[in-house]
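Participant: Dropping a structure here in structure tokens format, bear with me for questions.
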Amino acid sequence: MTIRKYRGGVTVVNDDPEPVITLSPVADRVTEVETLTWRLSVDAPAAADIWQPVQVLPVTEGAELSTQDVDAQWLKDWSGDLPGPERPLPDAHLWAWPNIPPGSTSVDFVVPIVRGQVVEPTESMRLGPTDDKAEPLPDRPVLTGTVLDKP
């Protein structure tokens, strides 16, 4: 394409299809002091940064991880929130934007679990991909991670 004017504009329309990003478990059943890990991946290496938002959602049954069950710095980094007062993890408004960098096919979303001070039941958290307005993607699975109390 040749442009013969020094003023004006050019609009380039990206007609490439949007990459399909899958969310899969890497470590979704762990004990305290381990990490829950999910992988976001694409079929071919990314040509540019791909940001795929994910959201921590309320569990549908059983006990839920709280803001004091995860590493405090991790919570602050991903949500801007503090662990106290203790509340269910989804109440911390955890809506994260993991990045698949150029040349890569995946990125791991890692949730570091801390050791609790009391004996707790098995706890869980749910993670689901969203659009850029935090709306769940209807054709994508919501995955559950489970944390067992460390003996």
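Participant: Under unit Cβ charges (Lys, Arg +1; Asp, Glu -1), what dipole magnitude, rounded to 20 debye, does the chain have relative to its Cα centre? Show your work: numbers first, answer last.
Facilitator: Values: 12 positive and 24 negative charges, 147 e Å.
Dipole about the Cα centre, nearest 20: 700 debye.
Participant: How high is the FRET efficiency from V26 to W51, r the C-beta distance, R0 22 Å, rounded to 0.05?
Facilitator: 0.65
Participant: Moving on. Hey, can you find the accessible area per residue of the chain for me, probe 1.4 Å, expressed in square angstrom? List each step's numbers first, then the result.
Facilitator: Working: 9400 Å² over 151 residues.
Computed with neighbouring chains in place, this is 62 Å² per residue.
Participant: What is the percent carbon and sulfur in the accessible area of the stretch 23-106, measuring with a 1.4 Å probe over the protein chains and ignoring ligands? The partial results should precede the final answer.
Facilitator: Numbers: 2170 of 4270 Å².
Answer for the stretch 23-106: carbon and sulfur cover 51 percent of the accessible area.
Participant: If each residue of separation counts as 0.36 nm, what is the full-extension length gain between S104 and T37 once their alpha-carbon separation is subtracted?
Facilitator: So the chain would gain 22.4 nm between S104 and T37.
Participant: Which ³J(HN,Hα) values in Hz, rounded to whole numbers, follow from the phi angles of the stretch 31-37 under the Karplus curve 6.51 cos²θ - 1.76 cosθ + 1.60, where θ = phi - 60° and Gly and Pro get x?
Facilitator: In residue order, the calculated couplings are 9, 3, 6, 9, 10, 6, 9 Hz.
Participant: Work out the length of the dipole vector of the stretch 1-82 about its Cα centre, built from +1 on the beta-carbon of each Lys and Arg and -1 on the beta-carbon of each Asp and Glu, and round it to the nearest 20 debye.
Facilitator: Once rounded to the nearest 20, the dipole reads 840 debye.
Participant: Using only alpha carbon pairs under 8 Å that are at least six residues apart, calculate the relative contact order of the chain and give it in whole percent.
Facilitator: 31
Participant: Another one. Here are several values of mean projected area of the Cα convex hull in nm²: [x] 8.9; [y] 12.1; [z] 8.4. Which one was derived from the coordinates shown?
Facilitator: Computed from the coordinates, mean projected area of the Cα convex hull in nm² corresponds to [y].
Participant: Moving on to the next point. If we restrict to alpha carbons, what Rg and Dmax does the stretch 98-151 come to, in Å?
Facilitator: Rg and Dmax of the stretch 98-151, Cα atoms, are 15.2, 44 Å.
Participant: If I model a spin label at R87 and K150 as a point 7 Å from the Cα along the Cα→Cβ vector, what separation in nanometres do I get?
Facilitator: Label-label distance for R87 and K150, simple model: 2.7 nm.
Participant: Given points 7 Å out from each Cα along the Cα-Cβ axis, report the A134 to E61 separation in nanometres with one decimal.
Facilitator: 2.8
The values are calculated or read from the model by the stated rules, or taken from the named source; none is laboratory data. Computed from a predicted structure; not experimentally measured. Virtual Cβ from ideal backbone geometry, glycine too; neighbours counted across all protein chains shown. For the accessible areas, the whole protein counts, side chains as well, though only heavy atoms, and no ligand, DNA or RNA atoms are used. Shrake-Rupley method; radii C 1.70, N 1.55, O 1.52, S 1.80 Å.
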